[in-house]
Structure formats: structure tokens, C-alpha cells
Amino acid sequence: MKKYMASEFAALKNKKDLTILAIESSCDETAISVVKNGREVLSNVVSSQIEIHRRFGGVVPEIASRNHLLAISNLYEEAIEEAKIKPEELDAIAVTYGAGLMGALLVGVNFAKGLSYALKKPLIAVNHVHGHIASNYISHPNLEPPFICLMVSGGHTAILKITDYNKFKMLGSTVDDAAGEAFDKVARVLGLPYPGGPEIDKLALSGRNVVKFTVSNSLHNTLNFSFSGIKTAVINYVHKFEQKGEAFSKENVARSFEESVTDELVEKSIRAMKETKQKKIVIAGGVGANSMLQNKIDKACKENGFEAYYPKLKYCTDNAAMIGSAAYYYIRKGMGLAELDLTAKPNIDL
Ligand code: KG4
Ligand code: ZN
């Protein structure tokens, strides 16, 4: 079967300038962005549903899909207007097709398919994790592979070696919960609002590291992580006090939990840097916004002569600019072209 838009796509590989409209709807942010040449963000509009999901203590998939549907057309108009571009001037339509929530992803994928068909522009299917890595390309104009990436989001925790723009090697990953998931669950048991990561970050500043919450050491000599044990330890600690009707310091719990998790993330990242003899470490994903994690990474990098890169705060959590950047590097390598039968994939690997 002739690939849909195959000849148009092939022509893009060597075109001097590429302007891509990208769509992201994998979780609770509806986002559309226009990105030029993988690095220059012409527009970046995000409609966050955090306030909507907060009263449920977490993302409700059905509600997320419906709100993506409500927001997406207006966001498209806004993104085009802010970029000062005509839709026919776009070179491609990119969309996150996984990983994420099925119903939420489908809204973005179907909207992208409609645009691709109507505007006769190639459709590019982007892996969300590749987008998070690319969030650093839009934040640091001169950053290029190779580097080690610590990927820490609500859905993923992994250490990757990025040898080229589209060459990723998994060096280690979580065997159970993602770091962000652990932050969110611990925050919930402490009665903090969703999303819990930024709340723990704030609360920990006035706490002391006095409760021993250690992460499991069964993975000690590996680059893999496990966060479900420490999460359960915190939950049990809190429940014990609640059952006895005794007060405890939420600040100290937040601080002690955050110290353990960030120690683990930093220790394994630095080990990966040494083992692979890399000099640059790039942080990606929402937990990358954590202040204690950033301080510890900076300190460890200074001691070891490494360089650390973080995405700008607005590109740390989910956005579409990072998807537009990842799509640019796919196109340059002749990758990512999707047919109009593209569907969402809630679980995809690297
Ligand atoms: O990358 P992201 O926006 O979405 C996923 O792809 O998962 O990450 C969201 C996660 C949530 O678990 C949130 O609590 C966490 O990132 N997060 C933080 C901070 N800001 C966001 N975790 C710790 N400290 C923060 N400052
Ligand atoms: Zn994400």
C-alpha cells in the first residue's frame, strides 16, 4: 500500500526549514505548539486540567478525555494565531500517540489525523518519552547528544543513554512505581492536593530528615529503581500515627521521603555517567522540576566534573513544544510517518 503522504514526507528530510504543529493530550494537559527547526518555539499553548482533577485526588481518565475534546479546537486556533503562521505553511502535523491514557491520547490522535487529512500534511507519530528528552533541546539551543538522560515523570523512571537524536539505550528503569507516582501517592496520604510532587517539594523545605525511609537495596548494584517499598513505608508510618490518634510532622515525613528518593535517583545517575564515561546528564520529566533533586544533581556534577541540563520549568511537565522538537528529529532521519489508521498506544517502550 502506498504510504499516505509518503512522497511529501520524503521531500521534508532535506528541506531547509521545517515548521511543525504538534499536539499532546496523553494525560491531563491539552497542548498544541508550533516549533521551527526543532528548537524555536513559535507558540506553546497549554490547557491544564489540574484544577478539574484535584477534587478527585488524581486524574480521572474519562473526565480527562472529555476536557481534551472541549479544549482542543480553541487551542489549535490559539497556537496558529500566536505563531503568526497560516496552516498551509506548516510542514507536518505531529502528535503523541503513546504512552498515556487511551481515551486522552485518542483525542489528540484523531484531531491530528483530521488536520493532516484536511491540510494534506504528513502525520508524525511521536513517543511521549522522546518528547520529554527533546524538552531539553528547546531549553538549551546548543545541547546535542551524546548524553545520559535521567527520565523522571509520573509514568516513567529510567536512565537512558542517548547516543544520537533517535538512538536511545535503556540502562535501567523502575521495576515498579515511577518516581512521580510515589510522590503523588505519598502526598495523597499526607492530605496534600494533586499533583503531589510540587506540594512535597514545598513542604519538605521546612522539614527535617529524621525518619528513616530507606529504598529497597535489592537493586543496589544495578541501574534499576524500586519506589513501591518506600511508598508503602510512608503510608504505614502515617497510618500508625492516625490509628493512635497521635500527631506527626508532615514536614519531616515529606523531607525524609524526598531525601531518600532523590539520593537514589542521583546515586544511580552518577553511577551511569561513570560506567558509560559520559560528561553530560540531561534531566527530563515532571519530577525533574524538584528542587532537592536539582540541588543534589548539581552538587554531584560539580564534584565529578559533569555538566547538568534541566528543561525550563514550562517544558518540564507535559507540553506540545517538546513533541514538535522530537518530531523534527524523526523527520530529519526519515522516521515517524504515520498512516491515517494511526491509533493510540497506552503502553509503548522506548
Ligand atoms: O512529565 P509529567 O508532567 O507527566 C508524565 O508524563 O507523567 O510528570 C508529572 C509528575 C507528577 O507525578 C508530579 O507530581 C511530578 O511530575 N512533579 C514533581 C514536581 N513537579 C511535578 N515531583 C516532584 N517535585 C516537583 N517539583
Ligand atoms: Zn509526560
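The values are calculated or read from the model by the stated rules, or taken from the named source; none is laboratory data. Because the structure is a prediction, the values reported are computed rather than measured. For neighbour counting, all protein chains shown are included, and Cβ atoms are generated from backbone atoms with ideal geometry for every residue, glycine included. In case anyone asks, the SASA skips ligands and DNA or RNA and just uses the protein heavy atoms, side chains included. Shrake-Rupley method; radii C 1.70, N 1.55, O 1.52, S 1.80 Å.
Taking one quarter of the surface of the C-alpha convex hull of the chain gives a mean projected area of 17.9 nm².
Helix 179-189 and the longest principal axis of the Cα set of the chain meet at an angle near 50°.
Solvent-accessible surface of the chain, taken per residue with a 1.4 Å probe and all protein chains present: 44 Å².
Around the Cα centre of the stretch 144-311, unit charges on the Cβ atoms of Lys, Arg, Asp and Glu (plus for the first two, minus for the last two) sum to a dipole of about 300 debye.
Computed 3J(HN,Hα) for the stretch 94-111, one whole-Hz value per residue from the Karplus formula 6.51 cos²θ - 1.76 cosθ + 1.60 where θ = phi - 60°, is 10, 8, 5, 10, x, 7, x, 7, 3, x, 5, 4, 4, 5, x, 4, 5, 5, glycine and proline marked x. Between Glu246 and Lys333, the simple label model (points 7 Å from Cα in the Cβ direction) yields a spacing of 5.5 nm. Karplus-derived 3J(HN,Hα) values for the stretch 123-135, using 6.51 cos²θ - 1.76 cosθ + 1.60 with θ = phi - 60°, are 9, 10, 8, 10, 7, 3, 5, 4, x, 4, 4, 5, 4 Hz; glycine and proline are entered as x.
Near the amide H of Ser43, within less than 5 Å, lie the amide hydrogens of Val34, all on another chain or at least 5 residues away, with H placed in the peptide plane.
Short-range pairs are left out: with C-alpha atoms under 8 Å and at least six residues apart, the relative contact order of the chain is 26 percent. Each DSSP beta bridge with both residues in the chain is either parallel or antiparallel, and the antiparallel ones are about 60%.
Taking the longest Cα principal axis of the chain as reference, the axis of helix 250-276 is set at about 60 degrees. Size of the stretch 109-213: Rg and Dmax of its alpha carbons, in Å, are 18.4, 60. With contacts taken as Cα pairs under 8 Å at a separation of at least 6 residues, the stretch 1-49 carries a relative contact order of 26 percent. The residues Asp349, Asp176, sorted by heavy-atom accessible surface at 1.4 Å with ligands and nucleic acids left out, run Asp349, Asp176 from largest to smallest. Ligands, DNA and RNA left out, the accessible area of the stretch 31-93 computed with a 1.4 Å probe is 51% carbon and sulfur. Computed from point charges on the beta carbon alone (+1 for Lys and Arg, -1 for Asp and Glu), the dipole magnitude for the chain about its Cα centre is near 780 Debye.
Using the rule -39500 (n - 2.57) for each DSSP H run of four or more residues, divided by the residues of the chain, the 222 nm mean residue ellipticity is -14500 deg cm²/dmol. What's the long-distance tail for the stretch 144-311, i.e. % of Cα pairs beyond 29 Å? Summing the P(r) of the stretch 144-311 above 29 Å gives 18 percent of all pairs.
Roll a 1.4 angstrom probe over the protein heavy atoms and tell me the percent of accessible area of the stretch 144-311 that is carbon or sulfur. The computed percentage sits at 49. Across the options Val186, Met322, Ile270, the greatest Cα extent toward the positive end of the charge dipole of the chain (unit charges at beta carbon of Lys, Arg, Asp, Glu) belongs to Ile270. Computed from point charges on the beta carbon alone (+1 for Lys and Arg, -1 for Asp and Glu), the dipole magnitude for the stretch 11-155 about its Cα centre is near 340 Debye. In this structure, the amide hydrogen of Phe225, modeled 1.01 Å from its nitrogen in the peptide plane, lies closer than 5 angstrom to those of Ser173, Thr174, Val175, counting only residues at least 5 positions away or on a different chain. 3J(HN,Hα) couplings calculated from phi for the stretch 58-73 with the Karplus curve 6.51 cos²θ - 1.76 cosθ + 1.60 (θ = phi - 60°) are, in sequence order, x, 6, 9, x, 4, 5, 4, 4, 4, 6, 4, 4, 5, 8, 5, 5 Hz; Gly and Pro show x. Listed by chain and number, the lysines whose C-alpha is less than 17 Å from the C-alpha of Lys279, apart from same-chain residues fewer than 8 away, are Lys161, Lys169, Lys268, Lys296, Lys299, Lys302.
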